[in-house]
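S.K.: Here's a structure for you.
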Amino acid sequence: MAESSPLRTAILDRLSGVIDPETGVDVVRMRLIEDLAVDEAGIASLKFRPSSALCPLAVPLAQAIQASVEQVQGVTGVELQVVGYIQADELTALIREAFDRPQGEGRS
């Protein structure tokens, strides 16, 4: 999909509502979202780079980012990767596990 696709724009609009509580600024303006792409099937892939390698809010922000992108109409899947964080691989795995549960198992 083109970089300026309506679905990509809708995702960025939704992400602009995810606010870092420490700064009061959204994750898009803080440039914490990188490499956002949406394929023809509607699968969004993006990277989340917390504001520091030890960001105390990385977990709730990653969860909010994942949930926000999933709620965009037309998105069929989300591949979120956490980068630049001391436990990036672990957090990426945690988010994938939490959001890959089958419907009916509930999400926290």
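S.K.: Can you tell me which condition Val69 does not meet? The list is (1) assigned to a helix (DSSP H, G or I); (2) modelled with pLDDT under 95, and all the others hold.
M.R.: (2)
S.K.: So, one more: Only one of (1) within 14 Å of Ile65 (Cα to Cα); (2) small (Gly, Ala, Ser); (3) without any contact (Cβ under 8 Å) to a residue 40 or more places away in the chain fails for Gly42. Which number is that?
M.R.: Tallying (1) within 14 Å of Ile65 (Cα to Cα); (2) small (Gly, Ala, Ser); (3) without any contact (Cβ under 8 Å) to a residue 40 or more places away in the chain, Gly42 fails exactly one: (1).
S.K.: Of everything in segment 73-108 that's among the acidic types (Asp, Glu) and at pLDDT below 80, which residue is farthest from Ile33 (Cα to Cα)?
M.R.: Filtering segment 73-108 for residues that are among the acidic types (Asp, Glu) and at pLDDT below 80, the one farthest from Ile33 (Cα to Cα) comes out as Glu105.
S.K.: Is there a residue in segment 6-14 that is more than 10 Å from the chain's Cα centre (by Cα), basic (Lys, Arg) and surrounded by fewer than 16 Cβ atoms within 10 Å (Cβ to Cβ)?
M.R.: No: segment 6-14 contains no residue that is more than 10 Å from the chain's Cα centre (by Cα), basic (Lys, Arg) and surrounded by fewer than 16 Cβ atoms within 10 Å (Cβ to Cβ).
S.K.: Let me ask you something else. Could you list all residues from segment 1-60 that are acidic (Asp, Glu) and assigned to a strand (DSSP E or B)?
M.R.: Scanning segment 1-60 gives Asp20, Asp26, Glu34, Asp35.
The values are calculated or read from the model by the stated rules, or taken from the named source; none is laboratory data. Predicted model only: the values in this text are computed from it and were never measured. Neighbour counts run over all protein chains shown; Cβ positions are idealised from the backbone, glycine included.
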